[in-house]
1. Hull surface divided by four, with the convex hull built on the Cα atoms of the stretch 102-237: how many nm²?
2. Could you tell me the relative contact order of the stretch 74-182? Use alpha-carbon pairs under 8 Å, at least six residues apart, and round to a whole percent.
3. If the viscosity is 1.306 mPa s and the temperature 10 °C, what Stokes-Einstein diffusion coefficient in µm²/s follows for the stretch 301-371 when Rh is the Kirkwood radius over Cα pairs?
4. Counting only protein heavy atoms, what percent of the accessible surface of the stretch 110-240 is carbon or sulfur at a 1.4 Å probe?
5. How much accessible area per residue does the stretch 95-205 have, in Å², with a 1.4 Å probe?
6. DSSP loop (so not H, G, I, E, B), at most 11 other Cβ within 10 Å: list which GluC sites (Glu not before Pro) in the stretch 195-286 pass both filters.
7. List, largest first, the extents of the alpha carbons of the chain along their principal axes, each in whole Å.
8. Which order do the peptides 161-174, 372-385 take when ranked by the mean count of other beta-carbon atoms within 10 Å per residue, highest first?
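The values are calculated or read from the model by the stated rules, or taken from the named source; none is laboratory data. What you see is a predicted model, and the numbers here were worked out from it, not measured in a lab. Here the Cβ positions follow ideal geometry from the backbone for every residue, glycine too, while neighbour counts run over all protein chains shown. Only protein heavy atoms, including side chains, enter the accessible area calculation; ligands, DNA and RNA are left aside. Shrake-Rupley method; radii C 1.70, N 1.55, O 1.52, S 1.80 Å.
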Amino acid sequence: MNAVPDDRGYFGDFGGAYLPPHLEEEMAKVAAMYNTLKNDPEFLAEITEIQKHYQGRPTPVTFLRGLTARQGGAQIYVKREDLNHSGAHKLNHCAGEVLLAKRLGKTKVIAETGAGQHGVALATAAAYLGLDCEIHMGAIDIEKEHPNVIRMQLLGAKVVPVTIGQQTLKEAVDSAFETYAQEFDTALYCIGSVVGPHPFPMMVRDFQAVVGTEARQQIQDHIGRLPDAVVACVGGGSNAMGLFSGFLADEQVKLYGVEPGGRGTKLGEHAATITYGSPGIIHGFNTLLLTDEDGEIAPVYCVASGLDYPGVGPEHAYLHSINRVTYEVANDQEALDAFYTLSKSDGIIPALESAHAIAYAMRLAPTMSADQVILVNLSGRGDKDIDFVVNTYGLGNE
């Protein structure tokens, strides 16, 4: 984490800041403030205070007795970010971003959301710390994730429906960024993952690193050593970077990022950016992208609204390029099977995003021995998905 990014925000060939001229100075101010605050004892103490007494950190690591017995092979443990206040890992960086906005003298925060977890977390942090909040969300995702829309509104946020294009996460980012470009004097755009122009990929990763720091110690408390494999889902990739950060230096620990395979391998049927993508620029940074024959951003699809993004965080693209992380794919059906299975095997209803990581762990465990251990990031809880899943697919009764 100290080696990358460089001063220009590059992780190897990926990252940087590609911005309209009128935002370059503003983003330089954001970077300068963050570089000051990340070494400021008062700021770090405030973050720690919020984590401990408001978010409920540390979140536990739990052994999945039922799923391990069902799958055979390796023991499966999960890092319980579903127990973080607001129901997912997102508050880890949202609290930091809202504090940063306050230090910059802003009165409002703006963001996009897909599954709604980032929107809920930012609305939560804004309410707690006293800033206005505006969340842009694709119209399709608003319909799928209605419980989170209500939560955002109850928390005082303005929810802006986005009805252009595919009406999902990419368009929500476009819409939020357009609003920010007009209001940057008084507002901060709080990006929801390790994506966007520098310094956001670095900043969100640093705030999420608490997940890896905690999990590294907790799993050793459980088993007396490091795990053999660490697994997390990857859309933009913030939850994965948070967990991976605790183990990147341990070459003996295999790291697996799980992308959404959707319902097929053709463009428009999935959102597996690293698996099928090529280099390009989106939303102010250089990364791997899904593009069509004309080089335009391709449509994407995934049953999990938080993973249907046509790009990926630049650090993930970099980790792929140096072969430190292996990126695999879990499709819709595998994720749904994992959603139902974990609910019944261990009494934990996972977010559909997290279910992709559980699905890969279920596939990986039988290939390993009983004395080996897999640690999965359970990045969020599935309350938000229950209505959509049951209404569309039923209760999953065998």
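1. Values: hull surface 39.0 nm².
That works out to 9.7 nm².
2. On the way: 177 pairs, mean separation 27.1, N = 109.
In percent, rounded to a whole number, it is 25.
3. On the way: Rh = 13.5 Å.
In µm²/s, the coefficient is 117.
4. Working: 2110 of 4110 Å².
That share works out to 51 percent.
5. Working: 3540 Å² over 111 residues.
Result: 32 Å² of accessible area for each residue.
6. Numbers: sites: GLU214, GLU251, GLU269; in loops: GLU251, GLU269.
Hits after loop and neighbour filter: GLU251.
7. Projected onto the principal axes, the Cα atoms of the chain cover 56, 44, 41 Å.
8. Values: 161-174: 21.1, 372-385: 25.8.
By packing density, highest mean first, the sequence is 372-385, 161-174.
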